[in-house]
Amino acid sequence: MAESTPAPGAQPEQTPAAAGGRTGYRGPRRFLLLVIALIVLVGVGIVYYRSTLTEDTDDAQINGHLIQVSSRIGGQVLKVNVAENQLVSKGTVIAELDPRDYQVARDNAAAALASAEAALAAAEVNVPITVASTGSTLTSAQADVSGTQSGIVQAERQLESAKARVAEAAANNTKAQADLERYRPLVAKDVISKQQFDAATAAADSAKAALAEAQASQAAAEQGVKISRDRQSQAQASYKSAQTAPQQVAAQNARAMQAKAQVAAAKAQLDQANLNLSYTQIVAPTDGIVTRKSLEVDQNISVGQNLLTLVSLDDLWVTANFKETQLKSIHPGQSVEIAVDATGKKYAGKVTQVGGATGSVLSLFPPENATGNYVKVVQRVPVRIDFTALATEDKDHQLRPGLSVEPAVSLK
């Protein structure tokens with residue numbers, strides 16, 4: 001039979017071999033597309049799975065203590081022992097001040113303490129002496145009062161006896177004078193002898209002298225009574241003074257207590273002087289790195305003047321600013337994985353605090369939203385994250401305050 005010719009514009013028939021060749025190319029392409037789709041699905045699944053188990057943010061940084069080191073006394077700098085960015089240990093002597101003024105003050109305080117202790121010793125010795133002396137004085141004053149009372153009684157009795165002798169002498173004198181006057185005319189008439197008249201005259205003179213003597217004795221006795229009464233007044237005054245013995249003892253005890261207080265004050269002044277002398281060596285309060293040093297030799301510094309900043313590397317934490325939409329899943333105690341850009345390492349931590357307000361509220365100029373053009377902006381809240389193994393994970397102190405980190409809070 002004759003072969004038929006194809007009509008104009010018709011496609012030539014394909015052979016099975018040609019058709020099979022195109023089918024072979026379509027198979028690897030489909031496999032590659034399936035692999036890519038599987039990888040995308042796995043990636044989406046990992047991202048979704050991770051988003052359901054963690055909350056992370058890249059708005060976070062390391063914080064630490066920046067300690068402003070200052071001097072507690074004024075003085076001239078003799079020596080500076082540290083340099084900028086030097087790592088120092090706690091107790092390291094940073095600088096030394098001129099100690100001479102404070103050594104003199106310490107010596108003066110020591111001398112004042114020695115003087116106060118000597119005064120205290122003397123005051124304490126005087127207490128028993130005062131007790132003994134005031135006690136004996138009181139006893140002696142009581143005896144003097146009793147003795148002067150007896151002396152007054154005795155002097156009054158002597159006065160009474162002197163008065164009696166005066167009366168007797170006066171009577172004898174009156175009789176002797178009367179006898180003499182009677183004998184005077186008799187002797188003129190020679191009724192009695194001259195001898196009898198002389199005897200009567202002598203008796204009259206003797207009686208007169210005896211009266212004068214008795215009167216003198218009475219006057220002396222009266223003076224004795226007065227003296228005894230004066231002694232009694234003096235003894236009573238001494239007794240009243242001696243009765244203040246308890247007050248004198250109390251006053252001496254008070255002086256001893258005052259001396260003891262002065263010793264305590266002198267000790268406090270000596271302690272302060274020793275402290276001031278120790279402050280001539282400015283030491284590092286903790287381990288850290290020296291920054292912002294403004295301390296030079298021969299510089300005169302004053303109390304409280306900032307000399308340098310010490311950056312502590314032992315107590316570091318992370319402040320992460322999470323979105324408010326993330327806070328519903330974050331609470332204290334959750335574990336955190338902290339990725340640090342500067343070291344390329346990851347560190348363990350935990351959430352310790354959630355901030356009390358958003359960052360915008362705590363800013364210097366809080367936003368004013370009471371306007372008609374308000375646009376809602378997702379706020380961020382600072383969350384504190386503490387390192388849980390900083391001593392072992394950062395032995396060489398690579399972490400620094402201010403470094404950027406990416407914390408991932410585990411929600412499990």
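Is it the case that Ala320 is touching a Leu at 6+ places or on another chain (Cβ under 9 Å) and at pLDDT 90 or above? Here the answer is no, as Ala320 does not meet what is asked.
Elements of the type strands (runs of 3 or more DSSP E) sitting completely within segment 272-362 and holding at least 2 residues that are more than 32 Å from the chain's Cα centre (by Cα): these cover 306-323, 335-340, 346-354. Check segment 290-307 and report whether any residue there is surrounded by 19 or more Cβ atoms within 10 Å (Cβ to Cβ), outside the structural domain of Asp386 (by TED's automatic domain parsing), in contact with a strand residue (DSSP E or B) (Cβ under 7 Å, 6 or more places away or on another chain) and in contact (Cβ under 8 Å) with a residue 24 or more places away in the chain. Within segment 290-307, none of the residues are surrounded by 19 or more Cβ atoms within 10 Å (Cβ to Cβ), outside the structural domain of Asp386 (by TED's automatic domain parsing), in contact with a strand residue (DSSP E or B) (Cβ under 7 Å, 6 or more places away or on another chain) and in contact (Cβ under 8 Å) with a residue 24 or more places away in the chain. Listed by first and then second residue, the pairs with beta-carbon distance under 8 Å, at least 6 apart or on different chains, first residue in segment 252-265 and in the same structural domain as Val125 (by TED's automatic domain parsing) and without any contact (Cβ under 8 Å) to a residue 60 or more places away in the chain, second among the polar types (S, T, N, Q) and assigned to a helix (DSSP H, G or I), form an empty list. Looking at segment 183-198, can you tell me whether even one residue there is surrounded by fewer than 16 Cβ atoms within 10 Å (Cβ to Cβ) and at pLDDT 85 or above? Within segment 183-198, none of the residues are surrounded by fewer than 16 Cβ atoms within 10 Å (Cβ to Cβ) and at pLDDT 85 or above.
The values are calculated or read from the model by the stated rules, or taken from the named source; none is laboratory data. This structure is a prediction, so every number in the text was calculated from the model and none was measured. When we count neighbours, we look across all protein chains shown, and the Cβ atoms used for this are built from the backbone with ideal geometry, even at glycine.
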